[in-house]
Structure formats: C-alpha cells, structure tokens
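Written below as structure tokens is the structure these notes are about.
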Amino acid sequence: MAEASQQDDLAEILAEASQQQQQDPTNIVARLKRAYVNEKNAPELLPFEHDLLEQVMAKVEDQELVVQQSREAAAAAGGGGGGGGGGGMDDLMAHIYQAELNRVRFLIRAYYRTRLFKIEKYAVHVVKPETNEFAKLSPQEQKYATDYVNMLEEHFGSVLGQMPEKYSSMLQQIEEDDAEMDMVPEPNLDKHVFCRVREDRRDVMFDPNDPDNTMDLDQGDIIMVRYRFIKGLLEDGALDLI
C-alpha cells in the first residue's frame with residue numbers, strides 16, 4: 001500500500017509540473033526553448049538574451065542544489081532500498097531533477113552553438129562598424145567575433161599579401177574606391193521562414209512596396225513568409241519561428 005501511495009504521489013507531482021510548464025508563459029525553460037528555436041530558424045543573429053540566460057543559470061544552480069539534497073536524503077535513508085522507506089522516493093526525485101537539469105543544459109549549449117555558428121559564418125559582417133550586428137552579441141561573443149576576424153586576417157594575409165594590391169583584400173574582389181565589400185557573407189533576410197502567431201494582429205503590412213496588401217493574423221496561425229517582412233513582429237514577440 002505504501003508503494004502504491006508513493007506511485008500516486010509521484011504521478012501527481014509529475015502531472016502538476018508538466019501542466020505548470022505548459023500553461024505558464026513566463027516559465028524560463030519554455031522561454032529558453034523559444035529563444036533557441038527562434039535563433040536556429042532566423043537567418044540572422046538575434047539579440048542575445050542576457051536577462052533570460054542569467055535567470056536560467058540561476059535556476060540551474062538552484063536545481064543542482066535540490067539534486068544534491070535529494071541524493072543526500074536518499075543516502076541517509078538507505079539509498080532507496082526496499083521496505084517502502086522515503087529513501088526510494090528521494091532517490092527517484094533526484095533522478096527526475098537531474099533529467100530536467102540535463103534538458104536545460106542541452107538547450108543552453110544548443111543556443112550558444114547556434115549563435116557561434118552564425119558568428120563564424122558572418123564574422124566580418126558582424127564586426128563591420130556600419131551594421132548594428134555587433135551590439136546584438138554578449139560581451140564574450142563580441143570578444144570571440146573580434147578575435148576570430150583578426151585570426152582570419154592574419155591567416156589570409158600571408159597569402160593575399162603576395163597578390164597585386166587591388167586583389168589583396170579579403171573583403172572585396174577588386175580594391176576600388178567605389179567598390180562594395182562584395183566578398184563579405186551576409187545573412188539572407190529574404191529567406192522564407194515558417195512562423196506561428198502568438199498574438200492577434202490586424203492589418204499587418206508585410207511588403208512595404210505594396211502597402212495596400214495587408215493581412216490579419218490570429219493567434220495560432222502558421223504562415224510562411226519572407227523573414228524580412230516579419231522581423232519586426234518577431235522582435236515584438238508577436239510570433240515565433242518554427
């Protein structure tokens with residue numbers, strides 16, 4: 001009977017935790033997942049989620065303490081042995097908390113890996129003074145991007161330095177006063193993306209070249225559109241990329 005009671009208690013705890021995570025829009029794990037999916041599907045770098053990552057790391061530290069306390073309680077009660085003691089429940093809860101920790105750590109690593117991939121791919125574009133891309137990075141990412149570009153310049157300099165002067169730039173195909181940096185990769189903002197609408201919006205104008213062509217967006221709608229046209233809505237939190 002004691003074992004059945006513990007199973008019922010565990011099922012209730014798991015159901016309540018799952019329901020809270022699904023219903024609470026402020027849940028930091030859900031917000032972290034949204035940030036990761038948006039970052040993964042956006043063609044450009046999105047602003048670094050400073051406040052969210054600070055909250056997540058604080059939550060991870062708290063969760064690590066809970067896991068440690070649960071394991072200590074399980075060990076003190078006999079490590080979850082038979083007899084229906086409380087040690088078994090403590091040991092099981094420690095495993096549940098640890099699984100949640102692993103999930104959060106995976107999301108954190110995936111978020112950072114996605115951003116680092118974009119930083120390396122568009123490194124020169126990111127550090128160009130005339131863009132605002134550099135301001136989207138965390139201080140650590142800014143240092144990484146700067147060091148990465150310096151490394152590229154040093155690496156290619158040994159080869160490009162042997163070329164004629166007008167062909168020696170890694171930014172332009174031919175060095176001319178009126179030439180643009182046509183060898184610098186930039187994000188394709190005209191890439192089509194899938195979006196899920198999070199809040200109702202009326203008379204949304206997607207294409208500024210066609211102001212009469214508007215569309216009403218209802219919560220839950222899924223649309224495919226050029227990223228450039230929904231960039232502002234994404235920044236406002238009115239929709240998510242999927």
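The values are calculated or read from the model by the stated rules, or taken from the named source; none is laboratory data. Just so it is clear, the structure is predicted and the values come from calculations on it, not from any experiment. Cβ coordinates were reconstructed from backbone atoms using ideal geometry, including for glycine residues, and neighbour counts include every protein chain displayed.
Brief remarks on what is shown
- Screening the candidates 75, 58 for the property of being of a type in the set (A, V, I, L, M), part of a helix (DSSP H, G or I) and modelled with pLDDT of 90 or more yields one hit, 58.
- The set of residues in the stretch 104-114 that are touching a residue at least 12 places away in the same chain (Cβ under 8 Å) and more than 11 Å from residue 32 (Cα to Cα) contains only 114.
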